[in-house]
Amino acid sequence: MSQDSGRSAIIGTIRRGLKRGPLPADQQAMLAGRMKTHPRHLVPARGQGDSARLVASFMDNVLREFGTVQRVPDFAAVPGAITAYLAAQNIAAEITVSPHPELQAIPFADTPLLKVRFGKAEPTDPVTVTQAFAGIAETGTLMMPSGPERPTTNNLLSDTAIAVIRAARIVGAYEDAFDLLRTERAGMPRNVMMITGPSRSADIEQTLELGAHGPRSLHVLIVDES
């Protein structure tokens, strides 16, 4: 079954359940117009302000959501920051890095204590380093669209996830992040992950468990280099 025929079958089932047919032409036109304009909703105060305020709000919300965060002056400082973080957590200095050009340009070779492999994560990889497309200040969320340079598995398989993001890529609201995605990508990717803190669940007896469905720890490195 093709994607279009599968979609049509699902919509047909919904229509039969609602006992209605296709939308009239005027309603179809109204819906198409709404989808093209991408109307913005109310943005809370924590998602507004200049760049400095947005970065500060983003950092506060990362901490609030059980993540950790650090600012570094440039990409050259990333390997040292990662090595120091892993040492503080008593984690071996061995990382799997997403093959994003921005990450591939980092001088990891200058830090010989750090063992680096570029590519997709394996279930046995303890630490992954990913490049975040955007950060959302109002909730401390990372936007991770899928692609060869940003494998989705690298967001899920490791016990410790480290995300690298430019300070200039931190926006106020979800609408801003999706505007950026539409502007810079020819079409929507197959998958867009919105990551807010490490994986966690309180489904069992309302007891918070970190690492329930993904990384147990999330560390965000904000790079001030423009």
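The values are calculated or read from the model by the stated rules, or taken from the named source; none is laboratory data. As the structure is a computational prediction, the values presented were derived from the model and not from experiment. Note that we place each Cβ from the backbone using ideal geometry, even for glycine, and neighbour counts take in every protein chain shown.
A few points about this structure:
- Test: residue in the range 147-158 that is aliphatic (A, V, I, L, M), buried (at least 21 other Cβ atoms within 10 Å of the Cβ) and either under 23 Å from P73 (Cα atoms) or assigned by TED's automatic domain parsing to the domain that holds D74 (or both): no
- The number of residues in the range 171-188 that are exposed (fewer than 15 other Cβ atoms within 10 Å of the Cβ) and modelled with pLDDT of 90 or more comes to 3.
- Unmet requirement for R40, which otherwise passes all of (1) surrounded by 10 or more Cβ atoms within 10 Å (Cβ to Cβ); (2) over 13 Å from A173 (Cα atoms): (2)
- Elements of type helices (runs of 4 or more DSSP H) contained in the range 1-105, each with 2 or more residues being modelled with pLDDT of 95 or more and among the β-branched types (V, I, T): 51-64, 78-88
- Screening G21 with (1) touching a helix residue (DSSP H, G or I) at 6+ places or on another chain (Cβ under 7 Å); (2) surrounded by 10 or more Cβ atoms within 10 Å (Cβ to Cβ); (3) outside the structural domain of E175 (by TED's automatic domain parsing) gives one miss only, at (2).
- Some residue of the range 138-159 being closer than 22 Å to P44 by Cα and in contact with a Pro (Cβ under 9 Å, 6 or more places away or on another chain): yes
- Lone unmet requirement of (1) polar (S, T, N, Q); (2) part of a loop (DSSP other than H, G, I, E, B); (3) within 20 Å of S226 (Cα to Cα) for S158: (3)
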